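Take a look at the structure below.
No value in this document is a laboratory result; all are computed from the given coordinates. Given the structure is predicted, the values throughout are model-derived calculations rather than measurements. So basically every Cβ, Gly included, is an ideal-geometry build from the backbone, and we count neighbours across all protein chains shown.
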Amino acid sequence: MVMRVELDAIDMKILRELQNDGRMTNVELAERVGISAPPCLRRVRKLEEAGIIRGYRALLNAPALGYDLVAFCMVGLKHQSDADLKAFAAATTSWPLVRDAWMVSGESDFLLHCVTQNLGTFQDFVIETLTANERVDTVRTMLTIRHVKQLVLVEV
């Protein structure tokens, strides 16, 4: 559970800097935000413990690793009961090519962000896994053409 934390201007600078470069040292971070290293480290730990900083990771070049296909699937369930929504959400965690999943409102119940090696692998997933799921009523797919914008997740 995320705790609410009062954030000041220094905390916001820390978050901005870490979103841009999560690998910098605490000393470098402290210099960039204008405080000394020990209080900077305490602030970062406070932000981590509060769940505001959820983790650190490397951003990989998917096509360079052979993952050339990015697609989105809009999934409508047969029933929108709490149990069905939770069960489908849980199922998405076992599908490796689903990189992100959102429960949404509107025409669909879920939006899935899929990344895989090729069209055949994606088609197999849609036919053999997604549409075969007992809770799924409709699936609409969108293949991407080109990634044109990527920003940090939160503007701070």
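Computed values, structure above
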item: Cα-only radius of gyration and Dmax that characterise the chain, units Å; result: 19.9, 57
item: Order by protection proxy (mean Cβ within 10 Å, highest first), peptides 10-18, 121-129, 145-153; result: 10-18, 121-129, 145-153
item: Where the Cα pairs of the range 63-143 fall when distances are cut into 5 Å bins, in %; result: 3, 15, 29, 27, 15, 7, 3, 1, 0
item: For the range 143-150, 3J(HN,Hα) per residue [Karplus equation, 6.51 cos²θ - 1.76 cosθ + 1.60, θ = phi - 60°, Hz, x = Gly/Pro]; result: 8, 7, 9, 7, 7, 10, 7, 8
item: Pairwise Cα inverse-distance average, inverted: Kirkwood Rh of the range 9-49 (Å); result: 9.8
item: Distance-filtered residues of the range 92-107 - backbone nitrogen under 13 Å, label point 7 angstrom along H113 Cα→Cβ; result: 98-103
item: Estimated distance in nm for a label pair at D8 and T121, the labels positioned 7 Å out from Cα along Cα-to-Cβ; result: 4.9
item: Positive minus negative residues near V33 (Lys, Arg vs Asp, Glu; Cβ under 13 Å); result: -1
